[in-house]
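S.K.: Provided herewith is a single structure, encoded as structure tokens, for subsequent inquiry.
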Amino acid sequence: MAINHNPFAITDFETGGVGQNRQPLSIGCVVLDPRKLTIVDNGIFYSLIRPYEDDDCEKYGVDPVSPDALAKNKLSMDDLRLANPPKKVFDDFASFIKYHNPKGKKWDAPIFTGWNYLFDWEIMQNLSDGLLRGRYTIKDKLPAKTTIKKMADKEVEIV
């Protein structure tokens with residue numbers, strides 16, 4: 001019987017609430033070897049994520065960070081304000097996952113899992129869609145830089 005060769009990416013988010021439009025505040029991931037169940041080389045990722053302040057929450061379609069969530073997660077707004085923005089953290093996390101998929105094929109990618117992983121998978125999908133599906137999310141594939149340079153200002157549209 002064959003043993004799965006895909007590593008496990010045990011991932012967890014801490015959030016600023018539990019609502020549909022909750023903001024991620026931190027992400028942690030440990031990549032495990034599927035056979036030995038040990039942490040692989042360079043297999044730990046952790047980052048705080050700068051949340052949107054109350055003034056910007058409506059603009060980006062997210063819920064404000066709840067003081068109760070901060071207390072439960074043991075995070076402080078002072079520390080979070082110093083963190084990288086969501087896009088930077090997600091780009092870093094995507095690079096981390098790609099590092100653990102050297103063949104670059106979806107069948108060799110790490111398996112996303114963890115406690116309450118469906119809650120976390122929804123956050124991951126929202127981040128990959130362009131941050132929580134706010135009003136300024138670009139839904140379609142971006143045109144190439146050369147195409148944008150040739151377009152007039154009125155032709156460039158942000159959805």
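The values are calculated or read from the model by the stated rules, or taken from the named source; none is laboratory data. What you are looking at is a predicted structure, and each value in this text was computed from that prediction instead of being measured. Neighbour counts are summed over all protein chains in view; Cβ atoms, including those assigned to glycine, are modelled from backbone coordinates with ideal geometry. The accessibility values were calculated without ligands, DNA or RNA, using every heavy atom of the protein model including side chains. Shrake-Rupley method; radii C 1.70, N 1.55, O 1.52, S 1.80 Å.
S.K.: Of all DSSP beta bridges in region 1-98, what percent run antiparallel (nearest 5)? Could you put the intermediate results ahead of the total?
M.R.: On the way: 14 of 15 bridges.
The answer is about 95 percent antiparallel.
S.K.: What is region 60-111 by shape, rounded, prolate or oblate, if you read a ≥ b ≥ c off the alpha carbon gyration tensor as root eigenvalues and call it rounded for a/c under 1.5, prolate for a/b larger than b/c, and oblate otherwise?
M.R.: On the way: a/c = 2.72, a/b = 2.56, b/c = 1.07.
The shape class here is prolate.
S.K.: If one puts a single equal scatterer on every Cα of region 1-126 and applies the Debye formula without solvent, what log₁₀ I(q)/I(0) results at q = 0.20 Å⁻¹?
M.R.: -1.12
S.K.: Order the peptides 101-114, 52-65 from the highest to the lowest mean number of other Cβ atoms within 10 Å of their residues.
M.R.: Numbers: 101-114: 12.5, 52-65: 16.0.
Descending packing order for the listed peptides: 52-65, 101-114.
S.K.: A further question on this structure: Determine the share of region 15-93's accessible area contributed by carbon and sulfur atoms, expressed in whole percent, with a 1.4 angstrom probe.
M.R.: Details: 2400 of 4690 Å².
Answer for region 15-93 is 51 percent, counting heavy atoms of protein chains only.
S.K.: Contour minus end-to-end for Asn42 and Asp92, with contour as 0.36 nm per residue of separation and end-to-end as the Cα-Cα distance? If you can, show how the numbers build up before the last one.
M.R.: Working: separation 50, 0.36 × 50 = 18.00 nm, distance 1.34 nm.
Fully extending the segment from Asn42 to Asp92 adds 16.7 nm.
S.K.: Measure off 7 Å from each Cα along the Cα-to-Cβ vector at Glu122 and Asp79, then give the distance between these two points in nanometres to one decimal.
M.R.: Label at Glu122, label at Asp79, 2.6 nm between them.
S.K.: Once the piece of chain linking Asn21 and Lys59 is laid out straight, how much longer is it, given 0.36 nm per residue of separation minus the C-alpha distance between them? Could the numbers behind the result be given before it?
M.R.: Numbers: separation 38, 0.36 × 38 = 13.68 nm, distance 1.23 nm.
Length gained between Asn21 and Lys59: 12.4 nm.
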